[in-house]
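**Q** Please read through the structure below; I'll follow up with questions.
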């Protein structure tokens, strides 16, 4: 069976599998050699075999993750700045009444104390407390 370029698909799959196996073998061999050159001399640790080196690589991937696409701290700070810029743009396009309504909603959400108590609920709570004492 041929692909769109007139090449056989089977050859590409076999080549991919062989190169993948070669890559894993080279990485395992390099890990084994580095371990056996450094760890026994520095820390008096044991020497390891090729299969133990592959096991260490797999363990490291399981513990520390499979991808390296995590964002840096700089990206996180930049996202915060983007959010602030969008918020300022939104506030600039609001009417004074809409701004005042938003400020009131935010102040209700950000009240000090435990939970998100509304002023009326707090007053009712205080009245009940005075009546019981």
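Readers should treat all values here as calculations from the given coordinates under stated rules, not as data from a laboratory. Keep in mind that this is a model prediction, so the values were computed, not measured. Note that we place each Cβ from the backbone using ideal geometry, even for glycine, and neighbour counts take in every protein chain shown.
**Q** Subtracting the Cα-Cα distance from 0.36 nm times the residue separation, let me have the gained length for residue 84 to residue 105 in nm, one decimal.
**A** Gain on extension, residue 84 to residue 105, equals 5.8 nm.
**Q** Above 14 Å lies some portion of the pair distances; for region 9-64, what is it as a whole percent of all C-alpha pairs?
**A** Working: 957 of 1540 pairs.
Everything past 14 Å amounts to 62 percent.
**Q** Oh, and also: With labels modelled as points extended 7 Å from the Cα through the Cβ direction, what inter-label distance (nm, one decimal) is found for residue 58 paired with residue 91?
**A** 5.5
**Q** Same structure, new question: Given Cα pairs under 8 Å that are at least 6 residues apart, what percent is the relative contact order of region 9-64?
**A** RCO, region 9-64: 30 percent.
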